[in-house]
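Just so it is clear, none of the values below were taken in a lab; they were calculated from the coordinates. Everything quoted here is computed from the prediction, not taken from an experiment. All Cβ positions, even for glycine, are placed from backbone atoms using ideal geometry, and neighbour counts span all protein chains on display.
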Amino acid sequence: MDLDLAPEDEAFRDGARAWLAKHLPKTARRSRGGEPAGETPGDRLGALKAWQRTLYGAGYVALGWPREHGGRAGTPMQQTLLNEELVRARAPGLVGMMGVQMVGPTLIHWGTDVQRRRHLPKILTAEELWCQGYSEPGSGSDLASLKTTARRDGDEFVVNGQKIWTSNAQIADWMFCLVRTDPDAPKHGGISYLLIEMKTPGITVRPLIQMTKDAGFNEVFFDDVRVPVENVIGGLGNGWAVANTTLMHERNMLGSTTQTQSMFEGLLRVARSVTRDGRPASEHEAVRQRLAALKIQVEAMRLNAYRNLTATLKGRKPGIEASVTKLVTCELNHQIAATALELLGPYGALYRGSKHLVDDAFWPYEWMFSLGLIIGGGTAQIQKNIIAQRGLGLPRGKS
Ligand SMILES: Cc1cc2nc3c(=O)[nH]c(=O)nc-3n(C[C@H](O)[C@H](O)[C@H](O)COP(=O)(O)OP(=O)(O)OC[C@H]3O[C@@H](n4cnc5c(N)ncnc54)[C@H](O)[C@@H]3O)c2cc1C
């Protein structure tokens, strides 16, 4: 592992840092737990789309995509440096994240030229937003048991069924959706990966309110929804393989080690700013033990991320790394936020509606939100199964 940056990587990092200092709007840096500050959800969405367009104009969206698909053919090292700079500058996440980091790479891998030309440009500029229609009531971890059907009728499929926990369906223009196209095929074989336009007649989106108070995800109902046959990606009945390409990219997206390091830095600031037994909490033995235990995990995670990066730069194929990183970072984020809340005492629990918010309610928001991320994209237990079976070669447990 070589931790020294090449001169061109250093120049890239400095360029990104200077660009962000100049172009990132101050209002964009607010915590998602904070007060809406008089803006409507529509204003906020418009601002986030404009921010993605600006970033894209500067070449900082989909850095690693091939140039012919609108990327910059950047190296994994440059992507890592850019991610670090975005977190450092407290830039908001991409509003079109599911497009750029999930369905976009899947289309590059599995799509036809026509499908790529139709969708990739609008994914990059956030002109069209995407949501992921995988989970159903009764089909989460056991995703291949999904029941939503797509019956062929001439040049169209007729889709019927229900999805659940669909993040961003309320703002999405398109869904990448898993449907059962062959009810008689074996469980994994009868599934296809279908792109569905959200304004198609017969689709109903019903928001679910999360404990953060945001309506971040939804139930989506399909009632005789007609979808052109050419919207299948990767071939009829091949949806399971295509879905797994997207899932690998999703785990990479959810497991941001930089974000976790930044949260730990924030926790240290909290520990220095509050008192325990008449002195800064950061000097209190019990608190120091807790911080040290977390720091050891953060550091191990950081070095593991560098080890993975080195392996990628040397051309090794990805294995279970995304599962390890997703498992560790999501659980650590929750532990870090929980420690901050404990240190802040009653003030830590204040949320929207209070005049006395600490850090713009960053900590209670992250505490609640990170719980969801331990489940979303495959639960912690499922990641452990993947690591045990595919990584360590352990036998499958009997159920
Ligand atoms: C914040 C958030 C956002 C989400 N966004 C989306 C989205 O945009 N699109 C989408 O399609 N889905 C989304 N989901 C759904 C998510 O993918 C599922 O919740 C997840 O896969 C778990 O499925 P489930 O909820 O049905 O739980 P279940 O699968 O019923 O699991 C219940 C419990 O049993 C455990 N368990 C199940 N099977 C096993 C096993 N084999 N071994 C050990 N333990 C097991 C699980 O770990 C869990 O603790 C989101 C979820 C969350 C929380």
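Odds and ends about this structure:
- When Rg and Dmax are taken over the Cα atoms of the chain, they come to 21.9, 76 Å.
- Distance from the alpha carbon centroid of region 72-145 to that of region 350-398 works out to 20 angstrom.
- Anchor Lys187: aspartates and glutamates whose Cα lies under 20 Å away (excluding residues fewer than 8 positions away in-chain): Glu136, Asp142
- Straight-line cross-link partners of Lys49 among the lysines, defined as a Cα under 23 Å from its Cα and at least 8 positions apart when in the same chain: Lys22, Lys26, Lys122, Lys199, Lys213.
- Translational diffusion of region 7-95, µm² s⁻¹ [Kirkwood Rh, Cα pairs; Stokes-Einstein; 25 °C; 0.890 mPa s]: 175
- Helical content alone sets the calculated 222 nm signal of the chain at -14500 deg cm²/dmol, taking -39,500 (n - 2.57) per DSSP H segment of four or more residues and averaging over every residue.
- Spherically averaged projected area in nm², based on the convex hull that wraps the Cα atoms of region 293-373: 6.4
- Within the shell of other residues whose beta carbon sits under 15 angstrom from the beta carbon of Leu20, the net charge comes to +4, with Lys and Arg scored +1 and Asp and Glu -1.
- Highest-MSF residue in the chain out of Thr329, Thr112, Thr40 [GNM, Cα springs under 10 Å]: Thr40
- Size of region 102-204 from its Cα atoms: along the principal axes, largest to smallest, the extents are 39, 27, 27 Å.
- Radius, Kirkwood style, for region 152-226 when every pair of distinct Cα atoms is counted (Å): 13.3
- Residue-count net charge about Leu82 - beta-carbon cut-off 11 Å; Lys, Arg +1, Asp, Glu -1: +1
- All Cα pairs of region 254-391, percent lying beyond 23 Å: 41
- Relative protection proxy for 272-278, 16-22, 234-240, from highest mean packing down: 234-240, 16-22, 272-278 (other beta-carbon atoms within 10 angstrom).
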